[in-house]
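The values are calculated or read from the model by the stated rules, or taken from the named source; none is laboratory data. Quantities reported herein were computed from a predicted structural model and do not represent experimental measurements. Note: ideal-geometry Cβ built from the backbone for every residue, glycine included; neighbour counts use all protein chains shown. With ligands, DNA and RNA removed, areas are computed over all heavy atoms of the protein, side chains included. Shrake-Rupley method; radii C 1.70, N 1.55, O 1.52, S 1.80 Å.
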Amino acid sequence: NDTADQLLYVVAGAGTVRVRDQAYQAEPGWFVLIPRGAQHGIRREGRNPMIALTVALGAPCTETGQVMR
């Protein structure tokens, strides 16, 4: 993503996360900040799925939406 940094947090499972030319072993509780525009990839390892939460960190939102209850 060229427009936002990404925060990746591993919730479950395990895998390898590659950011640029570095590879990291990712397990539950592990997180990384991926700078905008950086080439990256994620590969699951083992039989269980790798579940991760990603958050895009871009320019702040300036519009407010209607709150639904």
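Assorted remarks:
- Summary of packing: across the peptides 22-30, 2-10, the per-residue average of other C-beta atoms within 10 Å ranks them, highest first, as 2-10, 22-30.
- The figure for Ile51 is an accessible area of roughly 90 square angstrom, using a 1.4 Å probe on the protein chains alone.
- Accessible-area order (highest first, 1.4 angstrom probe) of the listed residues Val55, Val11, Val17: Val11, Val55, Val17
- Nearest-10 value in Å² for the accessible area of Thr54, using the 1.4 Å probe: 80 Å²
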